[in-house]
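Peer 1: Here it is, the structure, as structure tokens.
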Amino acid sequence: MKNINDITASFGTLYHPKSALVFYESKTVDKDVYVEHFDMDKQGNPINAHPLTEREAKSLATALQTEKDKDKAFLKSNGILPTNILHINPNTDKGAVLWYTKAKKRQLYFVSGLDIPSGIVYVPPMVWYANKNSLWVFALASDRRPIEKTPLYCAPFFNIYEDGRVCMGSVTINIKNSASVEEFVSAWEDYFFNSYFSHLLGNNSPIKGNCVNLWKELIQTGKPFPKEVLKKNNKTLKNLL
């Protein structure tokens with residue numbers, strides 16, 4: 001007989017019943033409605049039945065409005081809009097954000113088959129474009145805020161298609177409808193950099209040279225990313241708008 005393991009610790013948030021509403025409707029022409037409120041005991045049984053009070057009705061309305069506001073909050077800023085945000089489409093279903101990041105050190109992870117040690121390394125300035133389900137990344141030649149005419153370069157990473165779309169593999173993407181633009185951007189950057197780079201996609205190297213050798217050298221030396229190896233992809237920022 002197999003051992004029984006306690007897996008309750010892996011469950012999500014557990015909600016306990018606190019109250020219940022029962023709606024009664026008359027069979028008259030006017031269809032009068034009466035609402036009765038029940039409290040719940042520790043076993044989840046309804047007790048203390050009483051007509052719904054004005055205070056309870058206001059509390060319910062506030063809770064419902066809060067949930068409605070969460071859906072309206074998608075891609076709204078928590079304060080002043082971050083300066084690295086270039087464009088926002090706040091549509092809940094088709095929402096997307098275009099942003100850029102300057103050259104900086106990042107933790108990169110590589111599968112063992114590439115023979116590149118994981119570690120902290122400089123990455124070039126980048127342009128990011130994402131919706132709820134997909135991410136595209138490109139490189140920039142400088143840290144300056146890009147404009148419509150700014151040329152884009154192939155992102156010098158593994159797991160990226162020639163059009164800039166990132167293959168996320170088995171990574172589970174979970175962007176909430178209530179995500180602020182700050183949360184949205186942070187989540188996608190975490191998804192990208194916290195996954196393992198494993199292979200090149202397409203027939204060509206994303207850089208001028210050998211991509212494996214480049215990252216080996218940068219990991220070992222800690223040098224800034226050499227922007228001269230970036231390869232243009234014949235697109236400008238305007239193509240992403």
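The values are calculated or read from the model by the stated rules, or taken from the named source; none is laboratory data. Predicted model, so just to flag it, every value in this text is computed and none were measured. Cβ: placed from backbone, ideal geometry, glycine included. Neighbour counts: every protein chain shown. In case anyone asks, the SASA skips ligands and DNA or RNA and just uses the protein heavy atoms, side chains included. Shrake-Rupley method; radii C 1.70, N 1.55, O 1.52, S 1.80 Å.
Peer 1: Identify all residues within the range 113-126 that are buried (at least 20 other Cβ atoms within 10 Å of the Cβ) and in a strand (DSSP E or B); write none if there are none.
Peer 2: Once the filter is applied, which keeps residues that are buried (at least 20 other Cβ atoms within 10 Å of the Cβ) and in a strand (DSSP E or B), the range 113-126 yields 121, 123, 126.
Peer 1: Take the residues of the range 93-106 that are open to solvent by 30 Å² or more (accessible area, probe 1.4 Å) and out of contact with any helix residue (DSSP H, G or I) (no Cβ under 6 Å at 6 or more places or on another chain): which is farthest from residue 200 (Cα to Cα)?
Peer 2: In this case the residue turns out to be 93.
Peer 1: Which residue out of 109, 129 is surrounded by 17 or more Cβ atoms within 10 Å (Cβ to Cβ) and either aromatic (Phe, Trp, Tyr) or outside any loop (DSSP other than H, G, I, E, B) (or both)?
Peer 2: None of the other options fit; the residue is 129.
Peer 1: May I ask you to list the residues in the range 143-157 that are touching a residue at least 24 places away in the same chain (Cβ under 8 Å), outside any strand (DSSP E or B) and either of a type outside the set (Gly, Ala, Ser) or out of contact with any strand residue (DSSP E or B) (no Cβ under 9 Å at 6 or more places or on another chain) (or both)?
Peer 2: 143, 145, 146, 147, 148, 149, 150, 156, 157
Peer 1: Which condition from (1) within 16 Å of the chain's Cα centre (by Cα); (2) at pLDDT 95 or above is the one that residue 91 breaks?
Peer 2: The number of the failed condition is (2).
Peer 1: Of the conditions (1) closer than 22 Å to residue 102 by Cβ; (2) more than 23 Å from the chain's Cα centre (by Cα); (3) buried (at least 20 other Cβ atoms within 10 Å of the Cβ), residue 143 clears all except one; give me its number.
Peer 2: Among (1) closer than 22 Å to residue 102 by Cβ; (2) more than 23 Å from the chain's Cα centre (by Cα); (3) buried (at least 20 other Cβ atoms within 10 Å of the Cβ), residue 143 violates only (3).
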